[in-house]
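Reading through the structure tokens given below for one structure.
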Amino acid sequence: MTFPLGGDLPVNRVGYGAMRLCAQPGNFGRFPDWEAGKRLLRRAVELGVNFIDTAHAYGPSCNEELIGEALTPYPAGLVIATKGGVEKTAPDKVFPDGRPETIRRRCEESLRLLRVQRIDLYQLHRPDPNVPFADSVGAIAELRLEGKVRHVGLSNVTVAQIEEARGIVPIASVQNRYNLLERADDPAVDYCAVHGIAYLPWGPLAAKPFAPDAPLARTHGALAWLLRRSPNIIVIPGTTSLAHLEENVRAGRLMLSDEEFAAISANNA
Ligand SMILES: NC(=O)c1ccc[n+]([C@@H]2O[C@H](COP(=O)([O-])OP(=O)(O)OC[C@H]3O[C@@H](n4cnc5c(N)ncnc54)[C@H](OP(=O)(O)O)[C@@H]3O)[C@@H](O)[C@H]2O)c1
């Protein structure tokens, strides 16, 4: 089960979200067991994961550094997605900075830490209410023209913002919070499906970003439900556990029937 990200990068629909490979709380600081973090990333690739999501803000920077250290030289076909546009100065101090000069600086840092010449997917992490949205997207469009970014993605956006961005540059992906229990973003899932845009639901297991979690009890079902929900969905569950990683990858093989999908949808509405 793959999706052609940006039309030309075939991505297995069970990816990996690396955010949790940071110190806690708040995904702030280096993951304490650095070597275990590297092993987990390598195991994900061994299991067939070929899409890994990170961001400048995770750590900040040290999540990208871990990926660069663990996985280079990158195997052919491995797609690393990162983001700029959010700054983190303390576990609970997270704020958007979508100024073009900040996005450029963060993108240059990501290139260095990920050890690549070009970033496969660069996502605007969050619109900045103090910066015109078109200016933030325009900054990434420029980086794309310069060859530093292959595909452009958005995160935490409305359908209207996706449409506005598409007027500036082709949009390959949208990453919004969405899961079996939180389906307010249904219109964006469908909009993206119609336009061939990958939809990357963050918090696929309904975990709270900055709090201890109570992930969905039937994890397999939650991920399988997302994969069945729409063919443009690529899930990026986050885990620090090898056993959970293996379980999440297995969810990709679980094909829900129409009846199962309808029942799970109705029972969790
Ligand atoms: N764009 C944004 O604004 C944004 C915001 C947040 C996250 N994200 C992205 O989305 C990714 C996923 O989000 P997330 O990590 O917040 O939420 P999540 O994937 O819904 O849940 C992660 C939590 O679930 C647990 N878990 C994972 N697999 C499990 C399993 N098989 N069984 C039981 N528990 C399991 C993990 O704990 P263990 O470590 O114990 O497995 C972790 O606490 C992140 O890594 C990041 O890439 C993006």
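The values are calculated or read from the model by the stated rules, or taken from the named source; none is laboratory data. All of these numbers come straight from a predicted model, not from anything done at the bench. Here the Cβ is made from the backbone with ideal geometry for all residues, glycine too, and neighbour counts use every protein chain on show. Each accessible area value is taken on the protein alone, full model and side chains, heavy atoms only, with ligands, DNA and RNA left out. Shrake-Rupley method; radii C 1.70, N 1.55, O 1.52, S 1.80 Å.
Quick notes
- For a straight C-alpha distance cut-off of 17 angstrom, the aspartates and glutamates reachable from Lys38 (same-chain residues fewer than eight places away being disregarded) are Glu46, Asp53, Glu64, Glu65, Glu69, Glu246.
- Restricting the stretch 141-202 to GluC sites (Glu not before Pro) in coil, as DSSP defines it, with at most 16 other Cβ within 10 Å: Glu146
- Normalised Debye scattering of the chain at q = 0.11, 0.12 Å⁻¹ gives log10 I(q)/I(0) of -0.55, -0.67, counting only Cα atoms as equal scatterers and leaving out solvent.
- When only alpha carbons are used to place a centre, the stretch 25-67 and the stretch 125-182 end up 23 Å from one another.
- Selected from Met1, Asn12, Ala23, residue furthest toward positive end of dipole (the stretch 1-50; charges at beta carbon): Ala23
- Residue-normalised accessible area of the chain, expressed per residue, 1.4 Å probe, Å²: 42 Å²
- From most to least packed by mean Cβ count within 10 Å, the peptides 111-117, 97-103 give 97-103, 111-117.
- Residue separation of Asp92 and Ala262 scaled by 0.36 nm, minus their Cα-Cα distance, works out to 57.3 nm of gained length.
- Cα gyration tensor, the stretch 91-226 - rounded (a/c under 1.5), prolate or oblate: prolate
- Look at the dipole of the chain built from charges on Cβ: of Ser173, Gly153, Thr89, the Cα furthest out on the positive end belongs to Thr89.
- Test item: Cα-centred dipole of the chain, Lys/Arg +1 and Asp/Glu -1 on Cβ, debye: 440 debye
- Coil-residue trypsin sites (Lys or Arg not before Pro) of the stretch 134-202, DSSP, other Cβ within 10 Å capped at 12: none
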